[in-house]
Amino acid sequence: MNDLIYIAYSESDKKQVEKGRLTLESHYHNAFEIIYIVEGEAVFKINDKEYIASAGNLIFINNLESHHVEATIFPYKRYFILIDPAWYQSTINDPVLASIFKNRPPHFNHRVSLNEKLKKNIELLFQEILIEYTNKTDYWNLVLEAYMKKLFVLLYRHCKDAFPITAYNSSIELVSKVQKYIEDHCTEEISLKKVSQLFYVDMFYLSHLFKDNTGFSFKEYLILQRISKAKELLFYTNDSITEICIKSGFNNVNHFIRIFKKYTGFTPSKYRVTTRKG
């Protein structure tokens with residue numbers, strides 16, 4: 001994904017799917033993802049959860065989650081937005097609004113169902129976002145920022161339960177800072193002990209707080225960030241697997257290959273071939 005934000009509208013019929021042309025869902029990305037279904041129905045498998053999503057549903061998937069989509073009712077019409085995580089966090093810059101991507105407690109629901117009034121407003125907003133992105137007239141990027149902020153504020157006002165965090169406090173602030181630190185330094189040698197000392201907090205307290213709020217252990221979040229970095233390098237560079245292992249924060253190539261396959265289902269080499277083919 002070369003743009004910091006990418007949006008498209010797509011329609012698929014049964015024949016296209018049978019021929020393997022469910023286009024948007026099959027291409028590579030390493031981004032936050034929003035899907036808004038206009039018509040039809042699809043089954044989304046996201047990590048260990050499964051959802052049936054239909055018209056008026058929004059789906060939110062972060063860059064660390066494995067997912068698969070299968071359209072079941074046609075025509076399947078949807079808007080599709082990919083957002084660079086760093087861009088999103090600097091643009092929205094609010095832990096409560098960012099939590100719909102960043103936090104995954106056990107009760108989190110990736111699917112948000114909109115009422116009729118909100119459905120019309122959201123669909124119009126998606127149309128306007130697509131027009132700005134497609135035409136790219138003067139200051140289009142600033143308009144997109146404003147539309148994205150409006151989208152998430154509207155959702156928070158009308159679908160507050162969709163956000164894992166609904167109030168900002170010192171614990172949320174700490175977890176957000178630790179997440180940011182891991183994301184910025186994941187290719188370096190970091191540990192729970194080191195980070196707890198850096199933020200002047202008990203290591204075991206931080207471990208429990210981090211897991212409760214994000215849905216990931218500190219170690220798993222670090223590994224997923226490193227895998228995310230590795231995916232980017234595999235897709236956009238011709239670096240060797242050994243070079244990518246080192247650049248993404250792993251220090252042993254055999255361990256890197258094993259962990260990468262565990263979380264993605266592919267070896268790094270197979271992932272590179274598969275994603276570039278699409």
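The values are calculated or read from the model by the stated rules, or taken from the named source; none is laboratory data. Quantities reported herein were computed from a predicted structural model and do not represent experimental measurements. Note: ideal-geometry Cβ built from the backbone for every residue, glycine included; neighbour counts use all protein chains shown.
Could you please let me know if residue 75 is surrounded by fewer than 16 Cβ atoms within 10 Å (Cβ to Cβ) and more than 22 Å from residue 122 (Cα to Cα)?
Values: surrounded by fewer than 16 Cβ atoms within 10 Å (Cβ to Cβ): yes; more than 22 Å from residue 122 (Cα to Cα): no.
In short, no.
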Among the residues that make up segment 90-100, is at least one of them assigned to a strand (DSSP E or B), modelled with pLDDT of 95 or more and either under 19 Å from the mean Cα position of the chain (by Cα) or within 28 Å of residue 266 (Cα to Cα) (or both)? no
Within segment 221-273, the residues that are exposed (fewer than 14 other Cβ atoms within 10 Å of the Cβ), without any contact (Cβ under 8 Å) to a residue 60 or more places away in the chain and under 21 Å from the mean Cα position of the chain (by Cα) are 236, 262
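Quick one: which helices (runs of 4 or more DSSP H) lie wholly within segment 113-211 and hold at least 2 residues that are over 30 Å from residue 39 (Cα atoms), free of Cβ contacts under 8 Å to residues at least 60 places away in the same chain and polar (S, T, N, Q)?
On the way: elements: 116-135, 140-158, 170-185, 192-198.
Of the helices (runs of 4 or more DSSP H) lying wholly inside segment 113-211, those with at least 2 residues that are over 30 Å from residue 39 (Cα atoms), free of Cβ contacts under 8 Å to residues at least 60 places away in the same chain and polar (S, T, N, Q) span 170-185, 192-198.
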Residues (modelled with pLDDT of 95 or more and among the small types (Gly, Ala, Ser)) located in segment 240-278: 240, 248, 249, 269
Condition met for residue 177 (among the charged types (D, E, K, R), farther than 22 Å from residue 79 by Cβ and surrounded by fewer than 18 Cβ atoms within 10 Å (Cβ to Cβ)): yes
Subset tally (residues that are of a type in the set (Asp, Glu) and within 20 Å of residue 252 (Cα to Cα)) for segment 211-235: 2
Among the residues that make up segment 113-121, is at least one of them closer than 18 Å to residue 101 by Cα and of a type in the set (S, T, N, Q)? yes
Could you go through segment 252-259 and let me know if any residue there is in the same structural domain as residue 216 (by TED's automatic domain parsing), charged (D, E, K, R) and part of a loop (DSSP other than H, G, I, E, B). no
With the condition kept exactly as written, say whether any residue in segment 103-110 is modelled with pLDDT of 95 or more, surrounded by 13 or more Cβ atoms within 10 Å (Cβ to Cβ), in a helix (DSSP H, G or I) and in contact with a strand residue (DSSP E or B) (Cβ under 9 Å, 6 or more places away or on another chain). no
Spot the failing condition for residue 145; the list is (1) closer than 26 Å to residue 106 by Cβ; (2) in the same structural domain as residue 60 (by TED's automatic domain parsing); (3) surrounded by 13 or more Cβ atoms within 10 Å (Cβ to Cβ), and only one is missed. (1)
Taking segment 40-70 on its own, how many of its residues are surrounded by fewer than 21 Cβ atoms within 10 Å (Cβ to Cβ), assigned to a strand (DSSP E or B) and small (Gly, Ala, Ser)? 2
